[in-house]
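So the structure is just underneath, and the comments pick up after that.
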Amino acid sequence: NIPSNALNAIHLVLGREGGYVDDPNDHGGKTNFGISDLRDGVSDNLIDINLDGIGDIAPENITHEQAIAIYYHDYWLKNHCNELPVAIATMVFDTAVNQGGSFARKTLQKVVGVTPDGIIGSQTLAATSLVNGSLTLIDYSKYRCQRYSKLVQKHPEQNQFIKGWLNRAFFVLTECYLLLNKHEQRGRHD
């Protein structure tokens, strides 16, 4: 059973990722529901569902349910989103999916003021519990956008994706603000 806050974040990401894509200019390779052929580091036209090093299924054949399970286990839980405040968790989760788990975790650590080692432990969780949620989301989004810019500078052929990436970052920021406000409102009425 996937908790509702994780499922909501997964559906948010699925809404941004869409279906099957095979764009030769996309460094992510063939993807479906945002799950890449390259998730195991091998371009073999097969998605490695369980990350055992053996490709399992052609990207165009992955199911919605398989994508949800991958997002929950490999992005939500592996990035400790289940231990973070829901708005920040959603931001970290979307970033992990779109820009990589290591970048997502280290960015959170930079924003909350702990050593960015990529390991979400007691220090990161304690620091995250003390920050201003609104400012954290803004600072985090700034790092996301800067990384997109650096990527395009390094790989100019990726410029065609920058508008979509920035739209995604601002869409997710808006959704996270809504979650933050909903949570704050609920806290005032409890």
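Observations, loosely collected:
- Prolate/oblate/rounded label for segment 1-66 (Cα gyration tensor, a/c 1.5): oblate
- In the chain, the portion of solvent-accessible area held by carbon and sulfur atoms comes to 52 percent [1.4 Å probe, whole percent, DNA, RNA and ligands not counted].
- Estimated [θ] at 222 nm from DSSP helical runs (n ≥ 4, -39500 (n - 2.57)) normalised by residues in the chain, nearest 500: -18500 deg cm²/dmol
- Accessible surface area normalised per residue over the chain is 52 Å², counting heavy atoms of protein chains with a 1.4 Å rolling probe.
- Dividing the mean sequence gap of close Cα pairs (under 8 Å, 6+ apart) by how many residues the chain holds gives a relative contact order of 14 percent.
- C-alpha long axis of helix 133-154 to longest principal axis of the chain, angle in °: 30
- Count Lys and Arg as plus one, Asp and Glu as minus one, and take only other residues whose Cβ is under 11 Å from that of LEU12; the net charge is then -1.
- The chain: C-alpha gyration tensor shape, a/c 1.5 cut-off, then a/b vs b/c: prolate
- A Cβ-based charge dipole, computed about the Cα centre of the chain with Lys and Arg at +1 and Asp and Glu at -1, lands at about 1000 debye.
- Dipole of the chain, positive direction: furthest Cα of THR136, LEU173, GLY100, with charges on the beta-carbon: THR136
- Judged by the ratio a/c of the largest to the smallest principal axis of the C-alpha gyration tensor, segment 66-160 counts as oblate, that ratio being 1.5 or greater while a/b is no larger than b/c.
- In this structure, the pairs whose alpha-carbon distance is over 29 Å, taken from LYS30/LYS110; LYS150/LYS182; LYS78/LYS110; LYS78/LYS142, are LYS30/LYS110; LYS150/LYS182.
The values are calculated or read from the model by the stated rules, or taken from the named source; none is laboratory data. The structure displayed is predicted, hence computed values, not measured ones. Quick reminder, even Gly has a Cβ in these numbers, built from the backbone with ideal geometry, and neighbours come from all protein chains shown. Calculation scope for accessible area: heavy atoms of the full protein, side chains included, ligands and nucleic acids excluded. Shrake-Rupley method; radii C 1.70, N 1.55, O 1.52, S 1.80 Å.
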